[in-house]
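Asks: Please find one structure pasted underneath; my questions will follow.
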Amino acid sequence: MMRAIRRCGFILLMWLPLMSHAGTISTTKIVSQTTSAALSCMRWMPVGMCFWLRCSIYECNVETSIKVGHYQPDAVVSSYNELGSNPWTEIRSILGAAQSSAATGLLGSLLAVPIESAGNRTEGGQGNRDHRNLIFRETDVIGHPLGSLSGVLAGSGYLCESETTSFYPYFMSSLDALSWRMEIPEMFYPASLISGMREIGAWPLQTWGGVYPRTGWTTQAEEPKAAAINAQRAGDIVTRNGQPHIYDQIEPSFSSDQRIWSPGPLVEDDPATGEWQMLLPKAESSCAVFGTNDLASANGWGGGRVDAEGDYVWNLWRPYQCCEREGQFFLIDINWIDYPP
């Protein structure tokens, strides 16, 4: 089903009429903020050489091409309160109503409260300290607007093709309502039951929260950190195969013009698998992993990053290596530096 959506031409979203909405970001702003962070986040560099065998009916020759490495904005990940209200305006305008209908159809008869009421919902009270900050959020992973453009620029031999398709929905929590809202079967993973496994940060001294269970529920006093946990969880799902969720994997794609080394699965606290650039509510021009130790900070990591509407958006930058195809057969590659550095 998800792959069928890809063929519908999501690039048309850029021209749909939009309604105003607080706490939002447009495609134009996403592209602008991504471009402004390119020098800091991209980290382009030549990393080695590739050797190819080129044969004709008369002879065979060994050809070479430069191997480059760089980070690429693969996806826009949004974490937000209200079902069907993705802060990315173009996505919300075309998918918002469908998301609400999908979640209502999947779980409407199973939950005692209306589906729409789950946004920003907290559990527990003053007498239940462990659950006082238990909050639910929706999260979507959408192919970055510049993802498909990378395939065009890859012809230069100095940029790698992205594994994502622009505007394609790889994960929408509304379609994954059973797992994202009711923690089935996420609650049964060892990492969901044992403290210290798959933590964002340096457990036990400093942690934002666990990657598992990969659901919309988080126990975190700071709202920006809670949203970041949801984004990390969604990124974890879409970069892996065979997860018990409704999603489409961001997977290596075949290119006739390049040999590409895939970024692989996203891992928390590991910049070699991916980094985040905040787009909303604070436009940032640098990238980093989640889990910053802010215990000594007066304002904490969340200071200046709180959105009044509870809407948060990040770019997910992932590291690629590639070389241009210069023959019919790939022989070997040699790296003179490690990448990512």
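The values are calculated or read from the model by the stated rules, or taken from the named source; none is laboratory data. Just so we're clear, the structure is a prediction, and the values are computed from it rather than from any experiment. Cβ placement follows ideal geometry from the backbone for every residue including glycine, while neighbour counts extend to all protein chains displayed. Surface areas here come from the heavy atoms of the whole protein model, side chains and all, with no ligands, DNA or RNA. Shrake-Rupley method; radii C 1.70, N 1.55, O 1.52, S 1.80 Å.
Asks: Can you report the number of residues in region 211-250 which are under 19 Å from Gly264 (Cα atoms), open to solvent by less than 20 Å² (accessible area, probe 1.4 Å) and polar (S, T, N, Q)?
Replies: Looking only at that region, the number is 2.
Asks: Scanning region 186-210 for residues that are more than 11 Å from Asp269 (Cα to Cα) and of a type in the set (A, V, I, L, M), which turns out surrounded by the fewest Cβ atoms within 10 Å (Cβ to Cβ)?
Replies: Here the answer is Leu205.
Asks: Look through region 116-164, keep the residues that are among the hydroxyl-bearing types (Ser, Thr, Tyr) and in contact with a Gly (Cβ under 7 Å, 6 or more places away or on another chain), and return whichever of them is modelled with the highest pLDDT.
Replies: Looking at the filtered set, the residue picked out is Thr139.
Asks: Could you list, in sequence order, the residues of region 92-105 that are among the hydrophobic types (A, V, I, L, M, F, W, C) and surrounded by 22 or more Cβ atoms within 10 Å (Cβ to Cβ)?
Replies: Leu95, Ala103, listed by residue number.
Asks: Given (1) hydrophobic (A, V, I, L, M, F, W, C); (2) modelled with pLDDT of 95 or more; (3) within 23 Å of Gln277 (Cα to Cα), identify the lone condition not met by Ala38.
Replies: Only one criterion is unmet by Ala38, namely (2).
Asks: State all residues of region 55-93 that are within 13 Å of Asp140 (Cβ to Cβ) and in a strand (DSSP E or B); if no residue qualifies, say none.
Replies: The answer is Ala75, Val76, Val77, Ser78, Ser79, Tyr80, Trp88.
Asks: Exactly one condition in (1) surrounded by fewer than 18 Cβ atoms within 10 Å (Cβ to Cβ); (2) in a loop (DSSP other than H, G, I, E, B) is false for Thr273; which is it?
Replies: So the condition that Thr273 fails would be (1).
Asks: For region 189-228, please list each of the strands (runs of 3 or more DSSP E) lying entirely inside it that holds at least 2 residues being without any contact (Cβ under 8 Å) to a residue 60 or more places away in the chain.
Replies: On the way: elements: 199-202, 206-210, 217-219.
Strands (runs of 3 or more DSSP E) meeting the threshold: 206-210.
Asks: Which count do you get for residues in region 39-86 that are over 30 Å from Gln232 (Cα atoms) and either of a type in the set (Ser, Thr, Tyr) or open to solvent by less than 20 Å² (accessible area, probe 1.4 Å) (or both)?
Replies: Keep residues of region 39-86 that are over 30 Å from Gln232 (Cα atoms), which gives 48-66.
With either of a type in the set (Ser, Thr, Tyr) or open to solvent by less than 20 Å² (accessible area, probe 1.4 Å) (or both) added as a condition, the list becomes 48, 50, 52, 56, 58, 64-65.
Result for region 39-86: 7.
Asks: Tally time: how many residues in region 251-268 are in contact (Cβ under 8 Å) with a residue 60 or more places away in the chain and either surrounded by 17 or more Cβ atoms within 10 Å (Cβ to Cβ) or touching a Pro at 6+ places or on another chain (Cβ under 6 Å) (or both)?
Replies: Number of matching residues: 7.
Asks: Could you figure out which of (1) in a loop (DSSP other than H, G, I, E, B); (2) over 17 Å from the mean Cα position of the chain (by Cα); (3) surrounded by 18 or more Cβ atoms within 10 Å (Cβ to Cβ); (4) at pLDDT 95 or above isn't true of Gln321?
Replies: (1) is the only condition that Gln321 fails.
Asks: Name the residues in region 171-185 that are open to solvent by 10 Å² or more (accessible area, probe 1.4 Å) and of a type in the set (Asp, Glu), would you?
Replies: The answer is Glu183, and nothing else.
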